[in-house]
Amino acid sequence: MTDAAVAAARWQRCTIDEIVARTPTIKSFFLRLTQRFDYKAGQHVDIRLTAPDGYTAMRSYSIASAPSGSDMIELAIERLADGEVSPFFHDVAQVGDTIELRGPLGGHFLWPGRSETPVLLIGAGSGVAPLMAMIRYRKASAEPVPVALLLSSRTWNDVLFRDELLELESSLSDFRLALALTRERPTRPTDFGKRIDAPMVADVAARLSASPGRVFVCGSNAFVEIAADAALGLGLKAGAIKTERYGT
Amino acid sequence: MATRGFTGRNSGSDLSDRIPPGQHLVENFPVLTAGPTPRIEPADWTFTLKVGPRPIKVWSWSEFNALPRTRMTRDIHCVTAWSKLNTAWEGVTIDDILADAGLSAPTPFALAHCYDGYSTNVPLADLAAGKAMVALNYESQPLPRDHGGPARLLVPHLYFWKSAKWVNGLQFTERDEAGFWELRGYHIYGDPWREQRYTHD
Ligand SMILES: Cc1cc2nc3c(=O)[nH]c(=O)nc-3n(C[C@H](O)[C@H](O)[C@H](O)COP(=O)(O)OP(=O)(O)OC[C@H]3O[C@@H](n4cnc5c(N)ncnc54)[C@H](O)[C@@H]3O)c2cc1C
């Protein structure tokens, strides 16, 4: 299925081309690949850091940029206090540094491609990264797929890719955006001021022109459990609900 | 290639005989699943043993729970690079399942099948001789739903995607047939000590 992609998934070096602070805890890292690869929206890469004594640390990060043929990919990395790899990216890594990476990886959490069935995306925090790749791809490819995104974040300022999402909401006719702010009252009437629950998922799904045929959920395990159960509650088959759990 | 400025949290630790290359230790127990968590009541649970397409034996939850119990404490290694030491499991070894069905070594390979449609392939040699079990308890408690409860396969010496959650059957096959992740770019065997993560590793 993803044989070509798999064959290309060798370790390679890339260079940090640009670092952009997105929220108080999330930065985007634009990496220039030495060996460009084709990927699908939703896939991830593995990053490997090596200490002087040869010790290595490896972590997975979703590709947030849309497939475009470019040799540049964007990762959005959230700083976890006491983490091993994410604080390195936030506190130590600089533009011009060389990082080892392999990809694209993951053959399951993939944008479905040519289909007019509406898609519901549900993410929390940095879990919007692979969903952003899908939304950006949806815009660039002009596929006629209605998309709704329900995104949970602590506050308005913690909403990853907020300004771009707001812009897409007004410029893309069949894209719906709903924010769920867990530690702040929302100012927009279409947003929510609480944690995600089943009625909220149903509310956002109903904003699509037809009921969603596919649901993608990404975030912490606890978040994904609630969102995936809520999607089952919409009457979708389990196989139509794809989840990416960031492990914790 | 050393990464500029990276020293690492576990740098210099002497657990290298316990932690395979590229892995790091965790204290928690991360959950990674490709879809919603299935809800299976023990009353509805069955386990089916097949050879090829032919069902050999089907156990209900109470029949399965009457089989001999074995405890195993093992280190486990997830392909997403975390390892967890000394995890304690209790369940029914594949040897005891085969014995109860009156089989010894049906075919050289097997596919584990699951309630969520997931499958994974494991050679018989890695299932038999006390190496693997269908686990029912974790740390002396019934297996939590998000970790595969009521029952999951446990093949602790291979990457943990082989330890299929919500298992409901074992199918013996003549050939080594790729399962869910093995068809999606993951290694056909998955030995953490040889870092067999992806297809061509
Ligand atoms: C497919 C996939 C895609 C992902 N995509 C993204 C993404 O796009 N963006 C993103 O930000 N993340 C993503 N993640 C999560 C990412 O891979 C890392 O898990 C995350 O960055 C944390 O790594 P870390 O090294 O900073 O923290 P870790 O060192 O792994 O620690 C995680 C947490 O556990 C605690 N902890 C664990 N072990 C110890 C210990 N021994 N000592 C002290 N504290 C400990 C830490 O305090 C920390 O808060 C993804 C994960 C997967 C599986």
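Every number in this text was worked out from the coordinates using simple rules, so none of it is lab data. Please read these numbers as outputs of a predicted model, since none were measured by experiment. Don't worry about glycine lacking a Cβ; one is built from the backbone with ideal geometry, like all the others, and counts go over all protein chains shown.
General observations
- In region A:214-248, the residues that are of a type in the set (Lys, Arg) and either in contact with a strand residue (DSSP E or B) (Cβ under 7 Å, 6 or more places away or on another chain) or within 11 Å of the ligand (Cβ to nearest atom) (or both): A:ARG214, A:LYS242, A:ARG245
- Among the conditions (1) assigned to a strand (DSSP E or B); (2) more than 7 Å from chain B (Cβ to nearest Cβ); (3) out of contact with any helix residue (DSSP H, G or I) (no Cβ under 7 Å at 6 or more places or on another chain); (4) near the ligand (Cβ under 10 Å from one of its atoms), A:PRO130 misses just one, which is (1).
- Summed over region A:56-101, residues that are away from the ligand (no atom under 12 Å from the Cβ), part of a strand (DSSP E or B) and closer than 17 Å to A:ALA9 by Cα total 4.
- If the condition is being of a type in the set (Lys, Arg) and at the interface with chain B (Cβ under 7 Å from one of its Cβ atoms), then region A:55-98 contributes only A:ARG59.
- Residue ID - surrounded by the most Cβ atoms within 10 Å (Cβ to Cβ), chosen from residues in region A:228-246 that are touching a helix residue (DSSP H, G or I) at 6+ places or on another chain (Cβ under 7 Å), facing chain B (nearest Cβ under 9 Å) and of a type outside the set (Asp, Glu): A:ALA231
- Every residue from region A:102-126 that is within 13 Å of chain B (Cβ to nearest Cβ) and either outside any loop (DSSP other than H, G, I, E, B) or hydrophobic (A, V, I, L, M, F, W, C) (or both): A:ARG102, A:GLY103, A:PRO104, A:LEU105, A:PHE109, A:LEU110, A:ILE122
- Every condition in (1) part of a strand (DSSP E or B); (2) surrounded by 18 or more Cβ atoms within 10 Å (Cβ to Cβ) holds for B:ASN86 except the one numbered (2).
- Test: residue in region A:165-180 that is surrounded by 15 or more Cβ atoms within 10 Å (Cβ to Cβ), farther than 30 Å from A:GLY107 by Cβ and more than 11 Å from every other protein chain (Cβ to nearest Cβ): yes
- The lone exception for A:ALA178 - which of (1) closer than 30 Å to B:TYR198 by Cβ; (2) more than 16 Å from the ligand (Cβ to nearest atom); (3) under 18 Å from the mean Cα position of the chain (by Cα) it fails: (1)
- Those strands (runs of 3 or more DSSP E) lying entirely in region A:11-54 with at least 2 residues within 12 Å of chain B (Cβ to nearest Cβ) and at negative phi: A:12-21, A:44-50
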